[in-house]
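Below you'll find the structure, written out as structure tokens, and then a few comments.
The values are calculated or read from the model by the stated rules, or taken from the named source; none is laboratory data. What you are looking at is a predicted structure, and each value in this text was computed from that prediction instead of being measured. Every residue, glycine among them, receives a Cβ derived from its backbone with ideal geometry; neighbour counts consider all protein chains shown.
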């Protein structure tokens, strides 16, 4: 197995004359936590949408484990083990925490999303579901209806449902967005914990999070790759500091 799990070659996406992602060459190393950062409008989410094929590239290639997955559909990519969590908490609010994770696990039964399955058929998933809840520190919330949970815990649940899909590569889109300090810390520790034996690519605005857990950082600006390297390399790069001018540059410095 190559050390590179995901690679893009000259990945480009144009929308009616506007180039949102421009000739991006990205290499994600197996086992790394890799961050995609950049000012607003830099093309980070568009890049994620291309990798999961929610958008079709205008040109360029996407390779996963050395295989060209550019023509694949979103469901095929998910089955290969590239699983994405969304900016907005994507869980079923009126099911319990345990039931949410169980739905993620149904894929292994070959009965994905057959909601009319008998309870008994799903009970065999309870043990694994509880293991996943333990992994994200939600055991005590197993029987809580999701809508009643604090926001940060919902994001932890989302990570558990993502893990239920057995991802080889997890794509986390703004995992700490909209969180208070305590939740940010909890979710950051959680990402570090679940990254053992997995690869994570994340879009993240919070530089403290990025500096604390990421092995490598790619900086996008106006859809193009501006810089790449460790946090220490990227945060002292003059072009990056210029791209994050003003308040955001202070954020970069403040995260050291």
**Request:** Mind checking which strands (runs of 3 or more DSSP E) fall wholly inside region 1-106 and carry at least 2 residues that are over 30 Å from residue 126 (Cβ atoms)?
**Result:** 4-15, 18-29, 33-37, 59-64
**Message:** Please go through (1) closer than 24 Å to residue 23 by Cα; (2) at pLDDT 95 or above for residue 240 and return the number of the only condition it doesn't satisfy.
**Reply:** (2)
**Prompt:** Which residues, counting only those in region 28-67, are under 17 Å from residue 169 (Cβ atoms), without any contact (Cβ under 8 Å) to a residue 40 or more places away in the chain and surrounded by fewer than 18 Cβ atoms within 10 Å (Cβ to Cβ)?
**Reply:** 54, 67
**Request:** Looking for whichever is assigned by TED's automatic domain parsing to the domain that holds residue 202 and in a helix (DSSP H, G or I) here; the options are 182, 158. Which one fits?
**Result:** 182
**Prompt:** Across region 194-221, what is the number of residues that are under 15 Å from the mean Cα position of the chain (by Cα) and in a strand (DSSP E or B)?
**Reply:** 8
